Structures are given as C-alpha cells and as structure tokens.
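Bear in mind these aren't lab numbers, they're just calculated from the coordinates by the rules spelled out. Note that the coordinates shown come from a computational prediction; the quantities given were computed from them, not determined experimentally. Positions of Cβ are backbone-derived with ideal geometry, glycine not excepted, and every protein chain shown enters the neighbour counts.
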Amino acid sequence: MFIEQYTIGEKRGSIEVICGSMFSGKTEELIRRLKRASIANLKVEIYKPAMDTRYDQNKVVSHDSNWIHSTAVDHSTRILLLAKNAQVVGIDEAQFFDEEIISVVEQLVKQGKRIIVAGLDMDYLGKPFGPMPNLLAIGDFITKLHAICVQCGHLANISFRTNQEEDTILLGEKEIYEPRCRTCAHK
C-alpha cells in the first residue's frame, strides 16, 4: 500500500501522515513502517524535535518500548541538510515542529523521497495542533489511529489532560494525559 511509485523511470516521492491521540500507536506505526523500509534495503533517516526528551535523546520510543535510532533537531530546516542521502524520511512528533516543517516535507518529496510523518492531530483541548492540519492536507496517505477511552472503553481521539496546566505544549505521559472519547473528555 505504501510503495514508492515509479513511472517511466521517474522516481516519485510520497507523503504519509499518521495521526491520532496519545496512546493510539502513532509512533509504533511509524517505527513499523521505517523498519520495513530498512528491511527493503532503503536508506532510512528519522528525526524528532530536540525538545522531546521523554524517553531518549537519540531514539524514537513508543509507549510499548519499541524504538529506532533518530536524530533530534532544533529546527525543521535542519532535516533538509541531514536527509540528503535518505530514501525514506521519518518525522515523529510533528506537532512540535515549527511551521516550516510543511515546506521541508514538500521539498523532500520533490526530491523523490518517501516521507512518513507522525503526530498528534489535536491538542488536549481537541483543537488542531501546530502544523499537523497542513501536513494532513498535503499528505498522499493518511492514517488516523485511535486509542481506547479509559473512562468508557469506546474509541478515543482526545488526549485528555488530567491536570490544570494550560500551556498548549506540556510533555508528559500517563501521569498527565489519558485517552478519552469526545463524550468523556467533555464531561
């Protein structure tokens, strides 16, 4: 399904966007796709925002403790310099990148690279988060994953914040966030 397309010798890039709430398996799916690309002997590079130090500075790690080596970058334009030789470029936690990530992704795909981006589509208030709406708009393939609501057991699409902190960006895990469906998030 996510195989690079070729037409008469021309290599075409693609943009895959994996989105959903926290605990929905976005990073797990990103890691799975990147490992499959590595098995296919493609040159794979993965990047994450330098601010995301929750698990490891040099790894992208899922909640299930699966991981892949990554490069932390402080600005999205750095990816352009680092990904020159890559055939497949993974970007985790895209919601934390600056708005230039959209231009970076567009430039990489014009170079014929397969881009796989993962990130939260909504913030803790259920509002579009950072550059994710624009990445979803330009994506060729969109995968929306859901967690399970810890209140009622239905599909969850909200990363509900359990404390009163109001900053949009607040790094944390199960001690600060829990997956909830829209109904339970608004109770």
Open item on the list: Run through the stretch 93-153 and list the GluC sites (Glu not before Pro) located in a DSSP loop whose Cβ has at most 15 other Cβ atoms within 10 Å.
Closed with: Glu99, Glu100
Open item on the list: When the expected Rg is taken as 2.2 N^0.38 Å, what fraction or multiple of it is the alpha-carbon Rg of the stretch 10-146?
Closed with: 0.94
- [ ] Grab the other residues whose beta carbon is less than 9 angstrom from that of Gln151, score K and R as +1, D and E as -1, and report the net.
- [x] +1
